[in-house]
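Q: Dumping the structure here so I can ask a few things about it.
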Amino acid sequence: MTTQEFVTFRICDQMFGVSVSEIHDVFRPAAMTPVPLSGAEIAGVLNLRGRIVTAIDARSRLGLPPSTKSKTCQRLAIGVERYGESFGLIIDEIGEVVRLQESELEQNPVNLDATWSGVSRGVYRLEDRLLVIMDIDRMLAGAGAEDAAAAA
Amino acid sequence: MDDLLSEFLTETSESLDVVDVELVHFESCPDDKATLNNIFRLVHTIKGTCGFIGLPRLESLAHAGETLLGKFRDGALDVTPEAVTLILASIDRIKSILAHLADTQAEPTGDDRDLIAQLEAAAEGGLQSRLPPPPVAKVEAPIAAAAPEQGDDNGRWDADQGRYLRPGEVSLADLEAAFRSADGPEVREAKPAAVAIAEPDEDRKAGPGASTIRVNVDVLESMMTMVSELVLTRNQLMQMLRATADSEFKTPLQRLSGITGELQDCVMKTRMQPIGSAWKKLPRIVRDAGQDLAKKIDLVMEGEATELDRQVLELIKDPLTHMIRNSCDHGVEGPAARAAAGKSENGTIKLHAYHEGGHIIIEVSDDGAGLNTDRIRAKALEKNVIDAAEAMSMTDAQIHRLIFAPGFSTAAKVTNISGRGVGMDVVKTNVELIGGTIDLKSRQGAGTTFIIKIPLTLAIISALIVGVGEHRFAMPQLSVLELVRAGKRCEHKIEQINSTRVLRLRDRLLPLVALSDVLNLIDDRGDPDHACIVVMQVGDTRFGLIVDEVFDTEEIVVKPLAKRLGAMCQYSGATILGDGAVIMILDPNGVSKSLAGAERAISRASDEAAAAAAAAKGEGDRMSLLLFAAGSAEPRACPLSLVTRLEELDASTFEMTSRGHVVQYRGRLMPLAAAGGSIRQEGKQPVLVFSQGDSVIGLAVDTILDIVEDRLDIQLNDTAPGILGTAVLKGRSTEVMDVGYYLGQADPSWAAAAAQLETRRVRKRVLLVDAHPFFRNMLAPMVAAAGYDVTVASDLQEARGRLAQDAAFDVVLADADATSPDALAEVSSARIVPLSSRRDTEAVPKSDRHALLDAIERAIRTGEAA
């Protein structure tokens, strides 16, 4: 039985999980600089210990309403390193680390919204709620890339 | 990979690059012993190293090359281009074997007997006597039949090695003898024959000094990154220090700051390389191209020592190579054509690099035939790069720049060297990618010069920090020309044409674009009384960028954008400021694109404005005249100052009404009249726009030819309607238009009757007084065309002066709208004809040519009668 550790976090009312190995760090996004003309899901760029991090607003990416916490610094971001670049995925609340069996991962329900099924690897049925396992690569790639992948 | 092998590969490929250059040099001056010695030594070292680490195939090839070179060195053979080509070919073979080695760490299978045989034959004088290469069997025979007595001069038996010696090879016994006979200090002489180490050669200026070491580029890169971080941290600390009044950290921090700065400079220096290293391959390329094309081309290189960032160097290498090939192929003519043009048979391509204010300028010039403007124009039309109207309206320099257009290649035939249609546009794109610009100058028959301007480094740039609302952006200082503050209390203010904003800046209209518009920021259009304008130059385009605030300049470390953001052309990167904030770096090229649509019209408008200003200042009777073609091939002219704008309107937007053609122009209907030819049904219609008060009228012409400044001397009066007469302009007889006639056709309120011109007996003198340049310019030629001698005054003051000086005026035409011309009656006996731009007064309407000429005639008659 192979198990995997997931970091759970909350976006809106939904719990998500990402493999521990994929997460670089968790930080509070401070002094974010918005980038005019960029896509809606790009919250901005920020300086994280001398690195420039591109912050992605997970709510916007998933088509959820903007957070009531107007200031991003009240929120949290998951730091991810991809292709030599640093990304920060802005989430609402960080959860805990859970160990789950790989065999228990279920396919996405067929009626799941296309945006969501695009970034979801599958779903775990936890006792009290459902945990959506997020595909970070797709999450970062942006809505446009998804369509391109579908077309290809 | 094996350390030894990788070391060998790096060293050998460096040596081979040098050999390439040296050989080409050697070919042109075979007497240069130092060059030959250097080549020999390099090839020898390669051979030695190959033997040392067990690469038999490379070794035998290098050996054969070395033998031939040895003969040159000894003077046993004369240097011929064929022989040099042969050696170059073997160098190429060595390179390909090396490439294979680098990939697979083993020598490729197969052998080089063909080349070796040729090399050996050449070494035996085979090439000179045109003997066929000796049969391969001859080389192999001694190995097969181990008979000592078969040995001849090029195959002596060596007992120690148990095989025949290759041509030029020394037997071990001889070598021993050489060693023994040599004196201690001179052992060096025999050393090359033994092993692989390159001798440090003090007397060669280009030779690598012992004080250099090889450092992995990655190490340098990471050093650079870390120093950048250090600089940022330093900036942050300094900012904190400024905030506190007195601190014990002050002194150590300032030292830290200084050291950091020095460290940054040092690390920057490690990234710098002389541009000559990117030029190493060029002599070979020019030589080969010259041979292929049967041209004689000399390559002159100047400023090889000019240093620039390694990264920039890498990026500029390919474009340069391509341009040199292009110059060989298209630039320099063949010897026959050169001789015919009275030039020396040898064409020259010159590379010149130098620093200029934080930039490196690289000039690639040839003394060839120059660009063929007509052929480029024809080709551009054929390839639909431009349309016919554009082709006519473009200047030569603009036409020349078309060679940078994508998919453009004028080579009549595709040659081995160039002409595959991926050409100068790729060069231009590559140069622009690194923030550079490329331009060219060409003179027919005298050659072409390409000028590439590239930044020294990409890593750290000086930038201007500007602010719009809450946002801050960095703007590369290189493209900023100046800063202008505009507002109520300032000298400059932003003006609007339609909704386009412009700025008057030293007799030119500068098109403006707001950064908030470019970036689509929510903006209340700022405070118009407190705008800063960053005047920028991107290529040929000059424009002003409106920002709310300009903070300061900072040396910023350019960080690449995440790929997600990289697609946006407005940004070239991001940076971290001293206060720790991340800001975006604007890309001047991208920003200028927002201007693209409006740009042409505006720049032309400003040209016109400049021309009009020049015309207004112009002394005496010279005036600017617009030459155009309409209806006939003969040029026609009208005073430029009458023309408000030149436009190219889309003919499909023209509408037909009962009064003729109209077009919607800047929010109003503009009647159109044809000046001779017909109004086009489709495509672009050049239109001269005239305006008076609130009304505008368009005059459709076939093409706009030129603007000349000349004295308008109408020599022949014409009876044709709409023509005032004929004058000589730019050496051609030119019909001067009666603008009023055509305008009257389009709009009767401009009423100009096509009156018959009366023949004049004596030239009567007329003084025209009008404060309005429009009317002065319109009426003066018209009255002059009617046979009067016209003098112009812009106000009553001037008119009085003229009358006082010279009382011999017959008639004074004076504007009655603004002034009271009666005041002139005191100083002159001349008849005064009041003029008005309105038709509802007693004064003669200015727009009615017939009435005006009538009034002059009457005034003269009454004057004569009196």
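Q: Restricting attention to the stretch B:604-643, report how many residues are out of contact with any helix residue (DSSP H, G or I) (no Cβ under 9 Å at 6 or more places or on another chain), modelled with pLDDT of 50 or more and among the hydroxyl-bearing types (Ser, Thr, Tyr).
A: Total satisfying the criteria: 1.
Q: Which fully enclosed strands (runs of 3 or more DSSP E) of the stretch A:1-45 have 1 or more residues being of a type in the set (Asp, Glu)? Working first, answer last.
A: Values: elements: A:3-11, A:14-19, A:25-27.
Result: A:3-11, A:25-27.
Q: With respect to B:ALA474, is the statement that it is within 28 Å of the chain's Cα centre (by Cα), within 14 Å of chain A (Cβ to nearest Cβ) and either modelled with pLDDT of 75 or more or in a strand (DSSP E or B) (or both) true?
A: yes
Q: Any residue that is within 14 Å of chain B (Cβ to nearest Cβ) and surrounded by fewer than 18 Cβ atoms within 10 Å (Cβ to Cβ) - is there at least one of those in the stretch A:85-103?
A: Scanning the stretch A:85-103, I find no residue that is within 14 Å of chain B (Cβ to nearest Cβ) and surrounded by fewer than 18 Cβ atoms within 10 Å (Cβ to Cβ), so the answer is no.
Q: For A:ALA77, all conditions in the list (1) within 11 Å of chain B (Cβ to nearest Cβ); (2) among the small types (Gly, Ala, Ser); (3) under 30 Å from B:LEU230 (Cα atoms) hold save one; what is the number of the exception?
A: Of everything listed in (1) within 11 Å of chain B (Cβ to nearest Cβ); (2) among the small types (Gly, Ala, Ser); (3) under 30 Å from B:LEU230 (Cα atoms), A:ALA77 misses just condition (1).
Q: What pairs come up if the first residue lies in the stretch A:81-101 and is touching a residue at least 40 places away in the same chain (Cβ under 8 Å) and closer than 16 Å to A:PRO29 by Cα, the second is part of a strand (DSSP E or B) and among the aromatic types (Phe, Trp, Tyr), and their beta carbons are under 9 Å apart, counting only those six or more places apart or on different chains?
A: As it stands, the answer is A:GLU81/A:PHE87; A:GLY88/A:PHE27; A:LEU89/A:PHE9; A:ILE91/A:PHE9; A:ILE91/A:PHE16; A:ASP92/A:PHE9; A:GLU93/A:PHE9; A:ILE94/A:PHE9, since those pairs meet every condition given.
Q: Kindly indicate which of A:THR8, A:THR33 is within 14 Å of another protein chain (Cβ to nearest Cβ), among the β-branched types (Val, Ile, Thr) and either within 13 Å of the chain's Cα centre (by Cα) or over 28 Å from A:GLU127 (Cβ atoms) (or both).
A: A:THR33
Q: Still on this structure, please answer the following. Which members of the stretch B:435-453 meet the condition of being more than 22 Å from B:VAL534 (Cβ to Cβ) and either within 13 Å of the chain's Cα centre (by Cα) or of a type in the set (A, V, I, L, M, F, W, C) (or both)? Before you say what the answer is, go through the steps one by one.
A: As a first pass, look at the stretch B:435-453 and keep what is more than 22 Å from B:VAL534 (Cβ to Cβ): B:438-452.
B:ILE438, B:ASP439, B:LEU440, B:LYS441, B:SER442, B:ALA446, B:THR448, B:THR449, B:PHE450, B:ILE451, B:ILE452 - these are the residues of the stretch B:435-453 that are more than 22 Å from B:VAL534 (Cβ to Cβ) and either within 13 Å of the chain's Cα centre (by Cα) or of a type in the set (A, V, I, L, M, F, W, C) (or both).
Q: Hey, does the stretch B:223-238 have a residue that's free of Cβ contacts under 8 Å to residues at least 60 places away in the same chain, loosely packed, with under 14 Cβ neighbours inside 10 Å and within 14 Å of chain A (Cβ to nearest Cβ)? Reasoning before the result, please.
A: We begin by selecting, within the stretch B:223-238, every residue free of Cβ contacts under 8 Å to residues at least 60 places away in the same chain; these are B:223, B:225-227, B:229-230, B:233-234, B:237.
Among the residues that remain, those that are also loosely packed, with under 14 Cβ neighbours inside 10 Å are: B:226.
If we keep only those that are within 14 Å of chain A (Cβ to nearest Cβ) as well, we get B:226.
Checking the stretch B:223-238: at least one residue is free of Cβ contacts under 8 Å to residues at least 60 places away in the same chain, loosely packed, with under 14 Cβ neighbours inside 10 Å and within 14 Å of chain A (Cβ to nearest Cβ).
Q: Please specify each residue of the stretch B:761-814 satisfying the condition of being charged (D, E, K, R) and in contact with an Asp or Glu (Cβ under 7 Å, 6 or more places away or on another chain). Break it down into steps so the answer makes sense when it comes.
A: Of the residues in the stretch B:761-814, the ones charged (D, E, K, R) are B:761, B:763-765, B:770, B:776, B:789, B:795, B:798, B:800, B:802, B:806, B:810.
Within the stretch B:761-814, B:ARG763, B:LYS764, B:ARG765, B:ASP770, B:ARG776 qualify.
Q: Among the candidates B:ARG472, B:ARG489, B:ARG501, which residue alone is surrounded by 15 or more Cβ atoms within 10 Å (Cβ to Cβ) and farther than 18 Å from B:ARG542 by Cβ?
A: Values: B:ARG489 fails: surrounded by 15 or more Cβ atoms within 10 Å (Cβ to Cβ); B:ARG501 fails: farther than 18 Å from B:ARG542 by Cβ.
Result of the check over B:ARG472, B:ARG489, B:ARG501: B:ARG472.
Q: Related question: Of A:GLY95, A:GLY63, which residue is at pLDDT below 85 and either small (Gly, Ala, Ser) or assigned to a strand (DSSP E or B) (or both)?
A: Values: A:GLY95 fails: at pLDDT below 85.
Selected residue: A:GLY63, the only one of A:GLY95, A:GLY63 that is at pLDDT below 85 and either small (Gly, Ala, Ser) or assigned to a strand (DSSP E or B) (or both).
Residue by residue, here is whether (1) at the interface with chain B (Cβ under 9 Å from one of its Cβ atoms); (2) in contact (Cβ under 8 Å) with a residue 24 or more places away in the chain holds:
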residue	(1), (2)
A:PHE16	no, yes
A:VAL26	no, yes
A:VAL45	yes, no
A:THR54	yes, yes
A:ASP57	no, yes
A:SER60	no, no
A:SER67	no, yes
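Q: Are any of the residues in the stretch B:61-71 surrounded by 20 or more Cβ atoms within 10 Å (Cβ to Cβ), β-branched (Val, Ile, Thr) and under 25 Å from B:GLU7 (Cα atoms)?
A: No, because not a single residue in the stretch B:61-71 is surrounded by 20 or more Cβ atoms within 10 Å (Cβ to Cβ), β-branched (Val, Ile, Thr) and under 25 Å from B:GLU7 (Cα atoms).
Q: Look at the stretch B:33-59 and say how many of its residues are aromatic (Phe, Trp, Tyr) and in contact (Cβ under 8 Å) with a residue 40 or more places away in the chain. Reasoning before the result, please.
A: Initially, the stretch B:33-59 is screened for residues aromatic (Phe, Trp, Tyr), giving B:40, B:52.
With the extra rule that they be in contact (Cβ under 8 Å) with a residue 40 or more places away in the chain, the set shrinks to B:52.
Final tally of qualifying residues: 1.
Q: Then there is this: Condition test on B:LEU256, is it over 28 Å from the mean Cα position of the chain (by Cα) and crowded, with 16+ Cβ neighbours inside 10 Å? Reasoning before the result, please.
A: Working: over 28 Å from the mean Cα position of the chain (by Cα): yes; crowded, with 16+ Cβ neighbours inside 10 Å: yes.
For B:LEU256, the condition - over 28 Å from the mean Cα position of the chain (by Cα) and crowded, with 16+ Cβ neighbours inside 10 Å - is met.
Q: Which residue is modelled with the highest pLDDT, if the candidates are limited to the stretch B:568-590 and must be surrounded by fewer than 21 Cβ atoms within 10 Å (Cβ to Cβ) and at the interface with chain A (Cβ under 9 Å from one of its Cβ atoms)?
A: Here the residue is B:ALA581.
Q: Another question, if that's okay. All but one of (1) in contact with a strand residue (DSSP E or B) (Cβ under 8 Å, 6 or more places away or on another chain); (2) free of Cβ contacts under 8 Å to residues at least 24 places away in the same chain hold for B:PRO511, so report the exception by its number.
A: If we test B:PRO511 against (1) in contact with a strand residue (DSSP E or B) (Cβ under 8 Å, 6 or more places away or on another chain); (2) free of Cβ contacts under 8 Å to residues at least 24 places away in the same chain, just (2) comes out false.
Q: To continue, here is another question. In the set B:LEU42, B:LEU69, B:LEU61, B:LEU86, which member is over 16 Å from B:GLU120 (Cβ atoms) and part of a helix (DSSP H, G or I)?
A: Numbers: B:LEU69 fails: over 16 Å from B:GLU120 (Cβ atoms); B:LEU61 fails: over 16 Å from B:GLU120 (Cβ atoms); B:LEU86 fails: over 16 Å from B:GLU120 (Cβ atoms).
So the residue among B:LEU42, B:LEU69, B:LEU61, B:LEU86 that is over 16 Å from B:GLU120 (Cβ atoms) and part of a helix (DSSP H, G or I) is B:LEU42.
Q: Specify the residue that is surrounded by the most Cβ atoms within 10 Å (Cβ to Cβ); the eligible residues are those in the stretch B:760-778 that are out of contact with any strand residue (DSSP E or B) (no Cβ under 6 Å at 6 or more places or on another chain) and assigned to a helix (DSSP H, G or I).
A: Only one residue tops the list, namely B:MET778.
The values are calculated or read from the model by the stated rules, or taken from the named source; none is laboratory data. If you're wondering where the values come from, they're calculated on a predicted model, not measured in any experiment. In this analysis, Cβ positions are derived from the backbone assuming ideal geometry, glycine residues included, and neighbour counts consider all displayed protein chains.
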